[in-house]
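J.: Please see the structure below; I have some questions.
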Amino acid sequence: MTLLPMGLRRTVKFPKGRVGIAIVGLYLVAAIIGPMLTPYNPVQQRMSEYLQPASWTHPLGTDEFGRDILARLIHGARISIGIALVASITGLVIGGGLGMLAGYYGRAADTIIMRLVDVLLSFPSLILAMVIAAIVGAGVWNVAIAVGVYSIPVFARLSRVVTQQVKMRDFVIAARSLGASDWRILRLHVLPNIAVSLSVVWTIRMGFVILVAASLSFLGLGVQPPVPEWGSMLSSAREFLRSSPGLAVYPGLAIVGLTLGFNLLGDAVRDALDPRLRGVIG
Amino acid sequence: MARIAGGRLAQAVVTLFLATIVAFLFLHAIPGDPALTLAGDSASQADVEALRRQLGLDRPYYVQYARYLERLLHGDLGQSYKTKSPVVDAIRPRLGPSLQLAVAAITFAAILGMTLGVATALRPATWMDAAVSTVSLLGVTVPTFWLGLMLILLMSVEWRLLPTFGAGSWQHLVMPAFTLGAAPLGMIARLTRSEMLEVLPQEYIRAARAKGLPPRTVVVKHALRNALLPVVNFIGLQFGIVLGYAVVTETVFAWPGLGRLLVDSIITRDYPMVQALILLFALIFVGISTLVDLIVMWMDPRIREASTQST
């Protein structure tokens, strides 16, 4: 648990780290308490108020079903961040775990696991996410699963390489010669030593994951209307590009802000904790 | 080099073989019975059973897979649930526009990205350097579909400069190619810049300058040539991302390519079409990354020399 305070302390030394934390923090606050502050229901239709311009009652106007755009954006933060967390943690745990096993055991385990990872890598990345979305179906959880599986190869490859380096270190050899079991070595010696690299890449991946999830919803393969997801809001905004361009502008700005925050934060976390990863990812 | 290149080709064949297994399993992983879908709602139970036998769906998986491979080798990619005609008929007319868009986007990104990368490396810490850093950061933060929509809003709706949707002329290609190329453009510029900054202080560059070569020759022939290898490698990797995001771009601009066909087929549950398309995307992707690897091997004298020594 010492990783988090140490990482934070080093990250805030970089200006981009401070800006990234501020942006991501703002979105987190919006996602957690925002829905309680807005008086509007994000899915309830009020046809008498459709496509209204910005006003005091509706600061960003209303959409084609009379729903308050700001309320939908705020609820959307909860959905996008939720999907991104579930997806990236799925990728981290499954990919990181598989990579660790491949790197630690080598031989047949390495060959089988890395061939499976190669299969995932033989498809262009977004196509892979689309195919998984087609299999598991649409919906919030299913998008998280699709994007999570899409993230497995990155974590698997990284965790394999770092584990291979760690297992050659003296303390692992010493632990083994003292009769420690593989499970104990993996848990107490390997995992704490690959955790830094994995968490750096995890932060950097958050921005990608948000973009992929929003892309799936935009294509109609992810979160479905009327759920206020930013990508899906943009998809329905296409019809009103001429009459109400705001419908297409605001959700896009919301996505750009959040991915920008995570990218700046990810860059700073990498520079603070593991600059060797510069150029490897992102 | 021939041996290394042969190894790389063999690796590509193995990857493609694995991709055929994924494509085959896809049709079985999808919820629903293919025979029932193909027979239609009005078919009797006996008709469905007959169709299942005819399609070989009652046989064990390995037999079905062997038959699937055999059909693939004969160029038979399956039959569409929707049109009941071979999926190849729907795919063929869309291959050209798709490749045209992807190639235009990556060419635009590569040429402009490398030019900007070299220019900013020659004048670091200037306004242009800062501008390129900002653009490359925006490239990875702005979603492709939103960039496309904003371009339509400005270029077509507000200024009426370019056509909104469709394909057919170079004007139709401008916005989709820019949208798709924007993200790789920024990353290529950033990578070229950092590679050039590593090469420029080297002794051989100083020697080239000292013997009075024109600055242009020094930059292009001596510096860029050495910085190029990782950049070309990276451009090859980007092609996979471009192919994926082409799906989004084609949807935004109603571009008649394979990506839109894939999205439409998933939504209308035309799974044989989806199966054929994922295999085709894997084929294009693996083909291009193999080709790029071979080009990089050929460009790298350390690997190329290995061939002259061995032959």
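Bear in mind these aren't lab numbers, they're just calculated from the coordinates by the rules spelled out. Small disclaimer: the values here were computed from a predicted structure and weren't measured. Neighbour counts are summed over all protein chains in view; Cβ atoms, including those assigned to glycine, are modelled from backbone coordinates with ideal geometry.
J.: Bin width 5 Å, alpha-carbon pairs only: give the P(r) of the range A:125-170 as whole percents, running from 0 to the bin holding the largest distance.
T.: Answer for the range A:125-170: a P(r) of 5, 21, 21, 13, 11, 9, 8, 6, 3, 1 percent.
J.: For the range A:223-280, what number results from the quotient of the Cα radius of gyration and 2.2 N^0.38 Å?
T.: Here the Cα radius of gyration is 1.61 times the empirical estimate.
J.: Using the count of nearby Cβ atoms within 10 Å as a rough guide to exposure, how do A:ARG169, A:ARG78 rank from fewest to most?
T.: Ranking A:ARG169, A:ARG78 by Cβ neighbours within 10 Å, fewest first, gives A:ARG169, A:ARG78.
J.: Here is a follow-up. Once you put a point 7 Å from the Cα of B:ARG123 and another 7 Å from the Cα of A:PHE65, both along the Cβ direction, what distance in nm separates them?
T.: That separation, rounded to one decimal, is 5.3 nm.
J.: Between the helical axis of B:87-122 and the dominant principal axis of chain B, each derived from Cα atoms, what acute angle in degrees is found, rounded to the nearest 10?
T.: 20 degrees
J.: Choose one of A:VAL161, A:VAL143, A:PRO251: the residue whose Cα lies farthest towards the positive end of the charge dipole of the range A:142-282 (beta-carbon charges +1 Lys, Arg; -1 Asp, Glu; about the Cα centre).
T.: A:VAL161
J.: With label points built 7 Å along Cα→Cβ from the Cα atoms of A:ILE89 and A:ARG276, find their separation and express it in nm.
T.: 2.9 nm
J.: Kindly provide the chymotrypsin sites (Phe, Trp or Tyr not before Pro) of the range A:33-132 that DSSP labels as loop, not H, G, I, E or B, and whose Cβ sees at most 11 other Cβ atoms within 10 Å.
T.: When the chymotrypsin sites (Phe, Trp or Tyr not before Pro) of the range A:33-132 are filtered for loop state and at most 11 Cβ neighbours within 10 Å, A:TRP56 remain.
J.: May I pose another question? Cut-off is 10 Å between beta-carbons; in what order do B:MET187, B:MET297, A:MET6, A:MET130 appear when sorted fewest neighbours first?
T.: A:MET6, B:MET297, B:MET187, A:MET130
J.: First measure r as the distance between the Cβ atoms of B:ALA131 and B:VAL232, then evaluate 1/(1 + (r/R0)^6) with R0 = 25 Å and state the FRET efficiency to the nearest 0.05.
T.: Rounded to the nearest 0.05, the efficiency is 0.50.
J.: Right, here's the next one. Along the three principal axes, how long is the range B:200-244 when you take its alpha carbons, biggest first, rounded to the nearest angstrom?
T.: Result for the range B:200-244: principal-axis Cα extents of 47, 17, 10 Å.
J.: Suppose we take every Cα in the range B:82-216 and form the convex hull; what volume per residue is that in Å³?
T.: In the range B:82-216, the Cα hull volume divided by residue count equals 174 Å³.
J.: Further question: Limiting things to C-alpha atoms, what are the Rg and the maximum Cα-Cα separation (Dmax) for chain A, in angstroms?
T.: Final numbers for Rg and Dmax: 21.5, 76 Å.
J.: Oh, and also: Along the positive direction of the dipole of the protein assembly as shown (beta-carbon charges: Lys, Arg +1; Asp, Glu -1; about the Cα centre), which of B:PRO143, A:PRO226, B:VAL132 reaches farthest?
T.: B:VAL132
J.: Taking A:LYS16 as the anchor, which aspartates and glutamates have their alpha carbon closer than 15 Å to its alpha carbon, excluding any fewer than eight residues away along the same chain?
T.: Within reach: A:ASP267, A:ASP271.
J.: If I model a spin label as a point 7 Å beyond the Cα along the Cα-Cβ vector, how far apart are those points for B:TYR61 and B:SER42 in nm?
T.: 3.6 nm
J.: Right, here's the next one. Which whole number in µm²/s is D for the protein assembly as shown by Stokes-Einstein, with the Kirkwood Rh taken over Cα pairs at 10 °C and 1.306 mPa s?
T.: Estimated via Stokes-Einstein, D reaches 61 µm²/s.
J.: Further question on the same structure: If each residue's Cβ is checked for other Cβ atoms within 10 Å, how do B:HIS74, B:HIS172 rank with the fewest at the top?
T.: B:HIS74, B:HIS172
J.: Still on this structure, please answer the following. To the nearest whole percent, what portion of all C-alpha pairs in the range A:169-282 is separated by more than 23 angstrom?
T.: In whole percent, the long-distance tail amounts to 53.
J.: Tell me the angle of helix B:301-310 to the major Cα principal axis of chain B, expressed in degrees between 0 and 90 and rounded to the nearest ten.
T.: 70 degrees
J.: Sticking with this one: So what's the projected area for the range A:36-129, the Cα convex hull averaged over all directions, in nm²?
T.: Quarter of the Cα hull surface area: 8.9 nm².
J.: May I ask you to derive the FRET efficiency for A:SER55 and A:PHE240 from their Cβ-Cβ distance with R0 = 22 Å, giving the value to the nearest 0.05?
T.: Rounded to the nearest 0.05, the efficiency is 0.80.
J.: Largest first and to the nearest Å, give the Cα extent of the range B:1-74 along each principal axis.
T.: Largest to smallest, the principal-axis extents are 61, 21, 19 Å.
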